[in-house]
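The values are calculated or read from the model by the stated rules, or taken from the named source; none is laboratory data. Small disclaimer: the values here were computed from a predicted structure and weren't measured. Cβ coordinates were reconstructed from backbone atoms using ideal geometry, including for glycine residues, and neighbour counts include every protein chain displayed.
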Amino acid sequence: MDTQLLIDMNKPPTVLLLGNGVLLLNNGMGWTELLSKLSPGDDRMPDVTGIPYAMQPEAIRGTDVEEVQRLIASNIQSQNPHEILKQLVFMDFDAIITPNYTYEIETALLGGKWTENRRKKCHKTLYGSSHVRYNTYKCNLVKDIKGREIPVFHIHGEQARKHSMILSYYSYADAVYHLIEMNKQRKNEYEEHQISGIPLICKGWLDYFLLGEVYAIGFGFDLSEFDIWWAIERKNREYALNGKLHAYMIGEKQDPAKSTMFRAMGVDERFLCIENHQYEKAYWRAVQEI
């Protein structure tokens, strides 16, 4: 049965966009290590330097997307949530969006072990969607230790549903197609619901992203992840009252290309400079700001 998730249209929802960077604080698996799991053999690992991130899996394994998904799903696992992650998920966000495949967020919200049985109980297809297979319309609706139900959207898929994992240009393009279709269905509903004050029935993560005050942390905004950039541009074009995207970028220096794109698309870039690889210190600064 579909789940009816309501968005209060009297104010922008607060949304956390949480990337893999926070997981790396616990020595989690980074993108380079993840790609190494795809290698057909040390002597045949191609040099993917200069190839956009979203195309690197295909450069290594070819266009057998299902094989790539199977290999990645069998080589990753969730880890104990870092204290920073725990602090973030308990800031009373209305929704959490993540490109991560693993379940550290759900584990932190529950305050206990995330099991396959719990996943099946929490896994929801949102009301009114006939596209039950696709990440766009799905979430894990988790009751946290405070008793609140928080939707967690794995926008690039999740480990337990290996065929949902977006790991190729082919699957990125498919994701954008479903975002466009959902956007068409909405028409002027955001503005109409704001005028009437009637809550909006959420159809997918795009509703929260377009309407919300979004705080992004641990996400690199690689320019090849064009589903996210499509959503950012669409957010900037929204006529209804909505919140901004606040992008916390952490590193030794700013990326001028991304900064240019952020300015063009109305994103509030918050750059936090690090020295001597002290990422954790910078993440705590971001937590304090948020």
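Condition test on I72, is it buried (at least 21 other Cβ atoms within 10 Å of the Cβ), in contact with a helix residue (DSSP H, G or I) (Cβ under 9 Å, 6 or more places away or on another chain) and closer than 26 Å to W284 by Cα? Considered against the rule, which asks whether it is buried (at least 21 other Cβ atoms within 10 Å of the Cβ), in contact with a helix residue (DSSP H, G or I) (Cβ under 9 Å, 6 or more places away or on another chain) and closer than 26 Å to W284 by Cα, I72 comes out as no. Please enumerate the residues belonging to segment 264-280 that are in a loop (DSSP other than H, G, I, E, B) and either at positive phi or not β-branched (V, I, T) (or both). Correct list: M265, G266, E275, N276, H277, Q278. The set of residues in segment 69-116 that are assigned to a helix (DSSP H, G or I), under 17 Å from K162 (Cβ atoms), of a type in the set (A, V, I, L, M) and touching a residue at least 40 places away in the same chain (Cβ under 8 Å) comprises I72, A73. Would you confirm whether any residue within segment 123-132 is at pLDDT below 90 and of a type in the set (F, W, Y)? Yes. Return the residues of segment 235-246 that are surrounded by fewer than 19 Cβ atoms within 10 Å (Cβ to Cβ) and charged (D, E, K, R); say none if nothing qualifies. Scanning segment 235-246 gives R237, E238, K244. Could you tell me whether any residue of segment 192-202 is part of a loop (DSSP other than H, G, I, E, B), under 20 Å from the mean Cα position of the chain (by Cα) and under 14 Å from A95 (Cα atoms)? The answer is yes, given that some residue of segment 192-202 is part of a loop (DSSP other than H, G, I, E, B), under 20 Å from the mean Cα position of the chain (by Cα) and under 14 Å from A95 (Cα atoms). Filtered by the rule that a residue be in contact with a Leu (Cβ under 9 Å, 6 or more places away or on another chain), among the aliphatic types (A, V, I, L, M), over 25 Å from Y283 (Cα atoms) and in contact (Cβ under 8 Å) with a residue 60 or more places away in the chain, segment 8-56 gives M9, A54.
Among the residues making up segment 221-237, those that are of a type outside the set (D, E, K, R) and modelled with pLDDT of 95 or more are F221, I228, W229, W230, A231, I232, N236.
One line per residue, one yes/no per condition, for (1) more than 21 Å from L211 (Cβ to Cβ); (2) among the basic types (K, R); (3) exposed (fewer than 15 other Cβ atoms within 10 Å of the Cβ); (4) in contact (Cβ under 8 Å) with a residue 60 or more places away in the chain:
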{"residue": "Y248", "(1), (2), (3), (4)": "no, no, no, no"}
{"residue": "D255", "(1), (2), (3), (4)": "yes, no, no, no"}
{"residue": "F262", "(1), (2), (3), (4)": "no, no, no, no"}
{"residue": "R270", "(1), (2), (3), (4)": "no, yes, no, no"}
{"residue": "I274", "(1), (2), (3), (4)": "yes, no, no, no"}
{"residue": "Q278", "(1), (2), (3), (4)": "yes, no, yes, no"}
{"residue": "Q288", "(1), (2), (3), (4)": "yes, no, yes, no"}
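Taking segment 36-68 as the range and being buried (at least 19 other Cβ atoms within 10 Å of the Cβ) and part of a helix (DSSP H, G or I) as the test, the residues that pass are A54, Q56, P57, E58, I60, R61, V65, V68.
When restricted to residues that are closer than 17 Å to D268 by Cα and touching a Phe, Trp or Tyr at 6+ places or on another chain (Cβ under 6 Å), segment 217-242 contains 3. Taking (1) at pLDDT 90 or above; (2) in contact with an Asp or Glu (Cβ under 8 Å, 6 or more places away or on another chain); (3) more than 24 Å from A160 (Cβ to Cβ) in turn, N10 satisfies each apart from (2).
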